[in-house]
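Input: a single structure, listed below in structure tokens.
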Amino acid sequence: MDGQKPSSISSRRFAPPATVAVQPFLLKPQHMNGLSERLLVSHYENNYGGALRRLNAIRARLAALDWARTPVFDINGLKREELIAAGSVILHEIYFDSLGGDGDNPPTGLAQPPAGLAQALDRDFGSVMAWRAEFTAMAKALAGGSGWAILAWSERLGRLVNQWAADHAHFLPGAAPILALDMYEHAYHLDFGARAAAYVDQVMANLNWERIGARYRLAIGEGAGEDDLFLPFGAPAQEEARISAEELKAALEGGEDRRPLLLDLCLPRDLPRRTDMLAGASMHAPAALPRWVEELPRGRPIAVYCICGFQVSGRTVMELRQRGYDARALVGGITAWHAIGGATVPLDTSTYEEAP
Ligand SMILES: [Fe+2]
């Protein structure tokens, strides 16, 4: 139950193996077609993050267990909950990864699967349209209940399958999920009420076929060079210029010498999207960097974060590193920090620069 990605995107695991690390948003929640930022962020932080926190807590409990003396009902309960939490984590990651546009651009809603996947859908369902009709009907049939609609590659069956799942722990043995559509009510109720069918249609208009195609290539063993597709847009490419939420939490809990200076970067237009910040952080406007950079201490690590860890923190970190500062960007931003249950304080904009 390791929550691992396929091997060639294993670099997305940013924390030690003892902890299942949070995966950042690849979609831009403020730029989606008909799925609100409020819905997507709540789903990511509370439901995905909740499953992740539960999984790590269960794993810690299991690691400390005396197997010979633990009652079987405790073992059954913990192992069942571990499976459910791990399934939820992995399926949510596939769901969120499958959504989003290209960089800053919203999803077009028109893109078709890349050639390799389109041919496989043709082969296994008759046509892409026929696959889509079955997949969306299967998802809509789950309305009013809960579960997942999954497109998976089955090596044993030698084909792609549309797999119905009643819950997070319902899998076709050996099959690799390519696309997962969350049909739990929490996935749509904020935006759609009980209109689950409208939600399904909207998800289909937000698919990122490039990443779904990459996941298919990895599943059939033909993956190569997919890592960039699974890095947040604008995040530093170099691993040493990034810090995971788990690493930052450990550093902040460590001794004074290990504590990084915290910089909260926010575009003026994004200020209304903010309500909280990390304790001890100072907030700045990225464009005002020449005005605040000289106040930064040299020789101390600096952690820079923004809302989701895209280009706002990415560009600032690269600029700081060029100037010789030991700066790293928080992967997934304060959104990922929320998902791991990191503490925050109310937003303080007293250090934020007014427009020049
Ligand atoms: Fe969900």
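The values are calculated or read from the model by the stated rules, or taken from the named source; none is laboratory data. Everything numeric here is computed off the predicted structure, so don't read it as measured data. Cβ: placed from backbone, ideal geometry, glycine included. Neighbour counts: every protein chain shown. Ligands, DNA and RNA are excluded from the accessible area calculation, which covers all protein heavy atoms including side chains. Shrake-Rupley method; radii C 1.70, N 1.55, O 1.52, S 1.80 Å.
Dipole of the chain, Cα-centred, from +1 at each Lys and Arg C-beta and -1 at each Asp and Glu C-beta, to the nearest 20 debye?
Charge dipole of the chain: 400 debye, to the nearest 20.
Remark: the residue 347-residue 210 segment gains 45.7 nm on full extension, using 0.36 nm per residue and subtracting the alpha carbon distance. Which of 29, 232, 268 ends up with the largest GNM mean-square fluctuation for the chain, with Cα atoms connected below 10 Å? Looking only at 29, 232, 268, the largest GNM fluctuation is found for 268.
Which percent of the accessible heavy-atom area of region 201-351 goes to carbon and sulfur, probe 1.4 angstrom? Write down the numbers at each step before the final one.
On the way: 3140 of 6550 Å².
Its accessible area is 48 percent carbon and sulfur atoms.
Peptide packing for 319-329, 254-264, 48-58 was compared via the average number of neighbouring C-beta atoms within 10 Å per residue; ordered from the highest value, the list is 48-58, 319-329, 254-264.
Cβ neighbours within 10 Å, averaged per peptide: list 204-211, 65-72, 169-176 in order, most packed at the top. The partial results should precede the final answer.
Numbers: 204-211: 18.6, 65-72: 8.0, 169-176: 15.0.
Taking the mean over residues of other Cβ atoms within 10 Å, the ranking is 204-211, 169-176, 65-72.
First measure r as the distance between the Cβ atoms of residue 129 and residue 291, then evaluate 1/(1 + (r/R0)^6) with R0 = 51 Å and state the FRET efficiency to the nearest 0.05.
Values: r = 55 Å, r/R0 = 1.08.
Approximately 0.40, to the nearest 0.05.
Annotation: aspartates and glutamates with alpha-carbon distance below 15 angstrom to residue 28 (same-chain offsets under eight excluded): 37, 45, 93, 97, 102, 104, 270. Given the options 64, 139, 85, state which has the largest fluctuation in a GNM of the chain using a 10 Å cut-off (strictly under) for Cα springs. Maximum among the listed residues: 64.
Take residue 249: with every protein chain present and a 1.4 Å probe, its accessible area is about 70 Å².
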